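Here, each number is a calculation from the coordinates, and none is a lab measurement. All of these numbers come straight from a predicted model, not from anything done at the bench. In this analysis, Cβ positions are derived from the backbone assuming ideal geometry, glycine residues included, and neighbour counts consider all displayed protein chains.
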Amino acid sequence: MKWLILLLGIAANASASVLVKIAMTPPPRKLPSLAEPLAALANWPLWLGIFLYGCAFVLYAAALAKLPLNVAHPVLTCGAVAAVAALSVLLFNEPLPWTTGAGILLVIAGVVLITARAG
């Protein structure tokens, strides 16, 4: 169950990042401003992204109740980096140079070594 909670936190974190990117993709939606304070209410990807960042934080906190910090944090960070990299390629056609892919694989290998004895 502790790993499922952390996995959901990773999914919420990566989804939030994608939604914030969508919120800022041309044509950019409105951000909160003094000139048009209510215009930002229509920027649903931004608000949903902020909500999901909050969910990710709560899920991460719940995972910390069951996992050591030196395990949970690397797994969450690595998982979010890998998920965002994959989603950026799939959804936004962003490039993924081989060096970035190799770096992600090396980070994943490091996290696997960190968590090998964590149970």
Q) For the range 37-63, what are the residues that are more than 16 Å from Ala12 (Cα to Cα), out of contact with any Pro (no Cβ under 6 Å at 6 or more places or on another chain) and of a type in the set (A, V, I, L, M)? A) Leu38, Ala39, Leu41, Ala42
(Q) Could you go through the range 99-119 and let me know if any residue there is in contact with a helix residue (DSSP H, G or I) (Cβ under 6 Å, 6 or more places away or on another chain) and among the basic types (Lys, Arg). (A) no
Q. How many of the residues making up the range 91-119 are closer than 18 Å to Met24 by Cβ and not in a loop (DSSP other than H, G, I, E, B)?
A. 2
Q: For residues that are outside any loop (DSSP other than H, G, I, E, B), more than 17 Å from the chain's Cα centre (by Cα) and crowded, with 20+ Cβ neighbours inside 10 Å, tally how many sit in the range 49-70.
A: 0
Q: Among the residues of the range 32-48, count how many are in a helix (DSSP H, G or I) and either of a type in the set (Phe, Trp, Tyr) or surrounded by 15 or more Cβ atoms within 10 Å (Cβ to Cβ) (or both).
A: 6
